Structures are given as C-alpha cells and as structure tokens.
Amino acid sequence: GERSCTDDEVLDMMEANDNHAEEHTVAELVEFCVNGRTGKSGTWTSKGAGKYLEGGKAAGGQLVDQRFCPRIVEGELRYNMVMDALVGIIHKKPKEGGISAVGGTGSIYTYYGPEEVKFKNLTDNFLKRDLQYVMPSLGLAEEPIPLWWTSDFILASPEGTPTEQEKWIVGEFNCSCVGISKCLAAYCKDDTPNASYGDISAGDLTDAMGYGNLMGKKARAILNKAKGGLGARSPGLNRIVLLSAAESEADVTMVVDGWKDYDLTEAGKQEATKAGQMLKDENFNFDIAFTSLLRSSIHTSWNALAESGNFCMPIINSWRLNAMQAGTLTGLTYKEAMAKMDMAFSSSPPPYPASSPMHPANDPKYRNVAKSALLGSESLEQCFNRVIPFFQDTIAPCVMAGKSVLVTGHSASLMAIVAHMCEASPDGVPLIQIAQGVPCVIEVDAGMKVMNMYHLDETAAAKKIADFQAAMM
C-alpha cells in the first residue's frame, strides 16, 4: 500500500464466514490475531477465537496475505472438479452488502453446466492451459490431482475489460471440505432439522449421482493404473478391444449408411477422442490396430489412438470390416428401410445393379478386391461370412500371440466378431449390443475362450444403446 496504518486508526472489517461487520483499531486487530481475546483486543463478536499464529506452522497457525478483489461483491465462480474433469460451475453471489458467498449467509447460487458459453474463455484457459501447473505450483508435483475438489475464481479485471483479456484470481482451492451443492436440500440445520435424502429433487439427485459415478470411475482408473491398468498384460489372459465407429453424418439424420463413405461429425470426433481418453486411463498400449475402409472407422481409430498415446503400431485397413452392404436402402431413413425389407438374418436388401456407380465393384477404393467378392447388397449372414474368416485368419492369431489389439469397425462387422467368439446362434445375434464410440473389451484365455466382456464406460454405453433403440421406434 501507500503507507502503514498507525495503531489508533480504525478498520472497517467484515468476516467472510458469515458476513458480519466489526470496527476495531489496528492495535486491537493485531492483539486479537496474535493473542486472542484480551483486555487489549476490545470486544469481538466474531465466531473465531483469534490466536491465528498459535502453535506455529506445525500446528497450522498462519495468516494469509491475500489480495482483496473488490469485484467479489459480484460473486465468484466455483468450478466443481472430479480430478481433471469439470462437472459444473456455480456462480455464488454474496447477499446485498456482503463480501462472502459461503453457505448460510443469504448468498445466491446459480448453477451452470461445464459447457456454459459465458465462461468459455476462463474454462478453456483453466482446463487446457493452467490445470497442469496447479499441483507443481503447490509443491505437490508428484501427487495426483484430488479426486473431488473445487477452485473458486474472482474476476480481478476492471469493468469493461474484453472477455479474452479478463484476469481471474483463484480465491482458494478446496479438497478436504467439499460437499455436493446439489444435495444441500438434505442438509440438516437449525431451520431444517429433519432434512433428508428424500428432499433432494429428482434433477439434483441425477446430477449428484453423475458426480458420484464419475468419481468412482476416476478412482477405479487410479487403482487400475497402480496395477498397470486394464490394458496391462496378464499371463494367460488376452484382451481385444472393439470400437464401433463414432457418430457420422449418417447417424445425425438417422439414415442407413451401408458402404457410403460418410465422415465423422464434430461430435463424432469428440466421441472418438473421449474413447481414446478411456483407453489412456486404462493404460492400453496397442501392438496392432484394424479398421474398415470407411472413413468413419478410420477417423475414429486415428482420433482414439492419438488421444491414448498410441502412435507406433501397424494399422491394417480391410474392406472385410466394412458395415453391412445395404444396397439401394443406403440413404433411406431406418424406418423407411425397415418398411422395404425383411430384417431376418438371411434376408438381403434390394441390391445395386452391377452398372450402378454405387456398386462397390465400380468404386476405385476396392480395385484390389476380386469383383466376385463385392456384392450389390448383403444379408447380415453374408456380412458375417465376410468378416469371420478375416477375424480367424488375421485378427485372432494376433490376440493369441499376446498382442494388444484394437478393432474399429461398424455395428454389423463387430457383431459378427462377438457372435463368432461367443458362439452365438442366429437367434442370439440381436442380443449382441456394442455401443457406438465406447470401447468394448473382450477378455479371452490362451485358447480364445471368452472369459469376460464389458464396455469401459457401462453407463455411457447403456445410454447410447437406449438412445439408438428409441430413435428406431
């Protein structure tokens, strides 16, 4: 500051834990902070006992010299974090005349999702630029980011500062006393002594459950990583990861894709990247990867491999992993397609004529494939007969040799692999469900007998499957 205060100058103070105000001289404040309530400290109404330095650093005694940010009266943003994942933002505004938004002081809470546009600049800078420096800056470089924690931000720039130039100050990090604000309805206090779990609204309960589930997944990933992750090699146990191509342009409009070469949407690219993060969390290091010849499969694989840090392995692209050839149903909506054909295992859609430019035999992409093998349309049975020999001759030997294998295909081609590995009958094929964009792990013994099968995110997988089924009705 510009000068030092004299002992007899009066300070107008507000205590942040309850927003109550007091006036004391500088000498009284120093006495209270050092020795607590004494004859020299004046009369304090604070809940605190003072003596903030008692016991020294070993006992936690301390005073924090923290800059006061005048714009705290506009509120602060609390970022709720599950490790490196932002799950929600709370704008905490103090009651009129206050400077603290702590619970129970009349403060107003407004909840936002993690993608809130108005805070995008702060969110992007925090998550993509600054987060990596938090633990090292605290002298904890070797420690993981806390499982459940918060960071409170106060806007420090003058009013009128352009958003991209705004400076936000971290008021505090919390990790030892963090609650889930969505559960405050169950908080028992003087005016709500009988509050309980049943008082939480359905929407808030859903959000809180989502937080808890994510914490569990992150915690499991930490434990798995300590043991080498699900991707770790285990004697007598091999794993193959199946990844169904992420959202494509055809999925957005709910049309049959067949072999038409649709690319991923922006959401699909993010979906593939998220799949890669799941694989990275579980420490999957692939020795070889397989894709179809369709861009949605290839680009899903590329994005997932890049995000998971898998760069140095051969990637085999094969037409045999393509989606089911839908013939002239390609481009129709699913409802239109189902009205035009029998969906039985051995039923084929109306084929492309041999002269059609849409027939794969006329597509340069398949110039190295025997024309007799390229059909104008396929039944699910014919699709299986195309996929399974390739799996037996090329993919399975890699798995049996102990290699870590990623196969990125499509609903029908991956269904063929699972049906073959699980020895499913045609009647059992419709029960096989592989979620789009969520890695599915199949664990097998040395003889390729299936021991276990699961998605890395069962909740996300179940939602994907349910959403697709609802859209088909």
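The values are calculated or read from the model by the stated rules, or taken from the named source; none is laboratory data. For clarity, every value in this text was computed on a predicted model and none was experimentally measured. A quick note on method: Cβ atoms are made from the backbone with ideal geometry, for glycine too, and the neighbour counts reach across all protein chains shown. Surface accessibility is based on the protein's heavy atoms, side chains included, excluding ligands, DNA and RNA. Shrake-Rupley method; radii C 1.70, N 1.55, O 1.52, S 1.80 Å.
Would you mind counting up the charge near K464? Only other residues with Cβ under 15 Å from its Cβ, with Lys and Arg at +1 and Asp and Glu at -1.
-4
What's the Cα-based Rg to Rh of region 33-79, Rh via Kirkwood?
Over the Cα atoms of region 33-79, Rg/Rh equals 1.11.
Just add up the charged neighbours of E249: K/R +1, D/E -1, any other residue whose Cβ is under 11 Å from the Cβ of E249.
Residues near E249 contribute -4 overall.
Would you mind checking which residues have amide H under 5 Å from M324's amide H? H placed 1.01 Å from N; only 5 or more apart, or other chain.
Amide H neighbours of M324, under 5 Å, 5+ apart: A412, S413.
For L29, what accessible surface area do you get with a 1.4 Å probe? Give it in Å², rounded to 10.
Counting only protein heavy atoms, the figure is 50 Å².
Name the long-range amide H neighbours of S404: under 5 Å, sequence gap of 5 or more, or other chain; modelled H, no Pro or chain starts.
D287, I288
Between Rg and the Kirkwood Rh of region 216-357, both from Cα atoms, what is the Rg to Rh ratio?
Value, to two decimals: 1.07.
What is the distance in Å between the Cα centres of region 437-473 and region 11-89?
That distance is 52 Å.
Enumerate the residues in region 212-246 having an amide nitrogen under 12 Å from the point lying 7 Å beyond the Cα of A446 toward its Cβ.
Residues passing the 12 Å test: 235-238.
If amide H atoms are built 1.01 Å from N in the plane of the peptide, which residues on other chains or at least 5 residues away come under 5 Å of the amide H of E172?
So E172 has HN proximity to D152.
Tell me the Kirkwood radius of region 363-429: reciprocal of the mean inverse pair distance over distinct alpha-carbon atoms, in Å.
13.4 Å
In degrees between 0 and 90, to the nearest 10, how far off the longest principal axis of the chain does helix 202-226 point, with axes built from Cα atoms?
Around 80 degrees separate the two axes.
What is the angle, in °, between the Cα long axis of helix 411-421 and the longest principal axis of the Cα atoms in the chain? Nearest 10 is fine, range 0 to 90.
For helix 411-421, the angle is close to 80 degrees.
Pick out, in residue order, every one of the GluC sites (Glu not before Pro) in region 7-81 that is DSSP loop and has at most 10 other C-beta atoms within 10 Å; say none if there are none.
The qualifying sites are E9.
Rank G229, F286, V134 by how far each Cα sits towards the positive end of the charge dipole of the chain (+1 on Lys, Arg Cβ; -1 on Asp, Glu Cβ) and give me just the farthest.
About the Cα centre, the residue reaching furthest to the positive side is F286.
For an R0 of 30 angstrom, estimate the FRET efficiency from the Cβ-Cβ distance between D84 and A344 and round to the nearest 0.05.
Computed FRET efficiency for D84 and A344 comes out at 0.05.
Considering every Cα-Cα pair within the chain, what fraction, in whole percent, is farther apart than 30 Å?
Beyond 30 Å sits 59 percent of the P(r) for the chain.
How big is D for region 151-287, in µm² s⁻¹ as a whole number, if Stokes-Einstein is applied with the Kirkwood radius of its Cα pairs at 20 °C and 1.002 mPa s?
The diffusion coefficient I find is 105 µm²/s.
Given the pairs K218/K463; K225/K449; K93/K167; K47/K182; K260/K403, which span a C-alpha to C-alpha distance of over 30 angstrom in this model?
K260/K403
In square angstrom, what is the accessible area per residue of the chain with a 1.4 angstrom probe?
53 Å²
Once label points are set 7 Å from the Cα along Cα→Cβ at both M209 and N35, what is their separation, rounded to one decimal in nm?
5.9 nm
For region 1-124, report the % of Cα-Cα distances exceeding 21 Å.
56 percent
Could you tally the net charge around V441, taking each other residue with its Cβ under 9 Å from the Cβ of V441, Lys/Arg +1 and Asp/Glu -1?
Surrounding charge for V441 is -1.
Calculate how steeply helix 458-472 sits against the longest principal axis of the alpha-carbon atoms of the chain, using the helix alpha-carbon long axis, and give the answer as 0 to 90 degrees to the nearest 10.
So the helix axis and the longest Cα principal axis differ by about 60 degrees.
Across region 39-45, in residue order, what do the Karplus-derived ³J(HN,Hα) couplings come to in whole Hz, using 6.51 cos²θ - 1.76 cosθ + 1.60 with θ = phi - 60° and x for Gly and Pro?
Using θ = phi - 60°, the values come out as x, 9, 8, x, 9, 10, 9 Hz.
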